[in-house]
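As structure tokens, the structure follows; a few thoughts come after it.
The values are calculated or read from the model by the stated rules, or taken from the named source; none is laboratory data. Small disclaimer: the values here were computed from a predicted structure and weren't measured. Glycine also receives a Cβ, built like all others from the backbone with ideal geometry; neighbour counts cover every protein chain displayed. These accessible areas exclude ligands, DNA and RNA; they are computed on the full protein's heavy atoms, side chains included. Shrake-Rupley method; radii C 1.70, N 1.55, O 1.52, S 1.80 Å.
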Amino acid sequence: MTPSTDPPEITVTGKLQHQAWQDRLLPPVEQVRPGLWSVPTPFPDNPLRYVLSYVYELRDGVAVIDTGWPTELGWDGLVTGLRRTGWDVADVRAILVTHGHADHFGLARRLREASGAWIGMHEADARLTGSYTDPGSFLRADAAWLRRRGGGPEDQPQIGVAPPGDDLLPERLPVPDVLIEDRSRPFQGIDLTAVWTPGHTPGHLCFYDGERRVMLTGDHVLPRITPNISPAPSVGSDTLGEYLASLELLTAFDVEEVLPAHEYRFTGLGERVRQLRLHHAARLREVLGVLDDRAGATTVEVARQLSWSRPWSQTRGIIRRSAIGEAYAHLLHLQHLGAITNRGGEVDGWYVLADAPLQPLRP
């Protein structure tokens, strides 16, 4: 009898979260381990629908890992969720931010003001987040970045503009009180280790609990979707290369269960890492195929030809901007590998090199 060659799958352990995802509902607050709870906060008008914050018991209160999107709905969800764990806002002593996206740090300033807690994040994201003084400065930088990629007005979403009734600006610029370093332990006497995993953002952090054998992965590893790898306007490094290297870091840890910031808990971290690497290897080959047919293409022209979950004509707003950023990250990685070159001036123009090394494209 020939053994099956089908790859093993991950196992969903967050059954209630998974069912809520299928039913398009907010999942319940759950005690994941003694002294550790998952608290969903609403993420309105976004396909991800909610952010999974984690409440972590300390000796004199609790820490909150990721806070949710900065709206009154999100705040109510966080406050209510905390109470369902048996704690209150006044009990929060620390706020750990996995990375510098507003659905993860958006309520950090407000929570700090309400509780007196300190905010901790990695220096790379603190520096990047603080480089934009207001949403307008980010929009201008992003528009200039998009023009260099070959984009037009139809490709530029209104990023950073607050929805009616919400003042995002105070919440978008939290200054951290503590800079969390790679492999440091944020809390004395507690087996929680920060693991620097750049890629999704320059300063993305995962948190490993060796006693409970759980890994809090933020957006670095999700069970169903591939995290968007899209450089910020001021970032020109090989973000995809950083992400792939960061994935491998996690396989060295003894992890029983993965606690992501979206979707649902699961086991099988090593298998999920393998799946993500396969996805990006296939995408790199797809990008090379586009350039074989369209020498000198801009980043936006390459993005239009790639396979997405919906037709390009239906890809609008932030989803289109993310797709262009994702294509650019793959192009930069191929350039770093010596497979392609950008001969464009003010606008990208990508070409495959005749002696392109294809070996590094294998997963």
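Run the numbers for Asp60 and Ile190: contour at 0.36 nm per residue of separation, minus the present Cα-Cα distance, in nm.
Gain in length upon complete extension: 45.6 nm.
Among the GluC sites (Glu not before Pro) within the range 208-253, which fall in a DSSP loop and have no more than 15 other Cβ atoms within 10 Å of their own Cβ?
Those that pass, being in a loop and sparsely packed, are Glu211.
Whole number in Å², please: accessible area per residue of the chain, 1.4 Å probe, ligands, DNA and RNA not counted.
In whole numbers, the chain has 44 Å² accessible per residue.
Percent of accessible area on the chain owned by carbon and sulfur, 1.4 Å probe?
51 percent
Quick one: what are the phi-derived ³J(HN,Hα) couplings along the range 218-224, Karplus 6.51/-1.76/1.60 with θ = phi - 60°, whole Hz, x for glycine and proline?
Whole-Hz 3J(HN,Hα) from phi for the range 218-224: x, 9, 5, 9, 10, x, 10.
Could you list the trypsin sites (Lys or Arg not before Pro) in the range 19-80 that lie in coil according to DSSP, counting only those with at most 16 other Cβ atoms within 10 Å of their Cβ?
Listed in order of number, the matching sites are Arg24, Arg59.
Can you give me the long-range amide H partners of Leu353? Hydrogens built in the peptide plane at 1.01 Å from N, cutoff under 5 Å, separation of 5 or more residues or another chain.
HN-HN under 5 Å from Leu353: Ile340, Thr341.
Could you work out how much longer the chain between Glu286 and Asp45 gets when fully extended? Use 0.36 nm per residue separation minus the Cα distance between them, nm to one decimal.
Here the segment from Glu286 to Asp45 would lengthen by 83.7 nm.
Would you grab the residues whose amide H sits under 5 Å from the one on Gly199? Only those 5+ places off in sequence or on another chain, please, with H modelled 1.01 Å from N.
Those qualifying (amide H under 5 Å, at least 5 residues apart or on another chain) are His204.
Quick one: which of 182-190, 267-275 comes out on top by average Cβ neighbours within 10 Å, and what's the full order, highest first?
267-275, 182-190
Net charge within 13 Å of Ser307 by Cβ-Cβ distance, Lys/Arg positive one each and Asp/Glu negative one each, not counting Ser307 itself?
With Lys, Arg at +1 and Asp, Glu at -1, the neighbours total +2.
Going by amide H atoms built from the backbone, whose H comes under 5 Å of the H on Ser53, apart from near neighbours?
Close amide H contacts, sequence-distant or interchain: Val39, Thr41.
Where does the chain land at 222 nm, in deg cm²/dmol rounded to the nearest 500, when only DSSP H runs of n ≥ 4 count, each adding -39500 (n - 2.57), divided by all residues?
-10500 deg cm²/dmol
Put +1 on the Cβ of every Lys and Arg and -1 on every Asp and Glu Cβ in the range 264-363; which of Ala303, Thr341, Val352 then has its Cα farthest towards the positive end of the dipole?
Going by the Cα projections, it comes out as Ala303.
What does the extension gain come out to for Asp177 and Asp355, with contour length at 0.36 nm per residue minus their alpha carbon separation?
Using 0.36 nm per residue and subtracting the Cα-Cα distance, I get 59.2 nm.
For the range 208-247 and the range 93-121, compute the distance between their C-alpha centroids and round to whole Å.
The two parts, judged by their Cα centres, are 19 Å apart.
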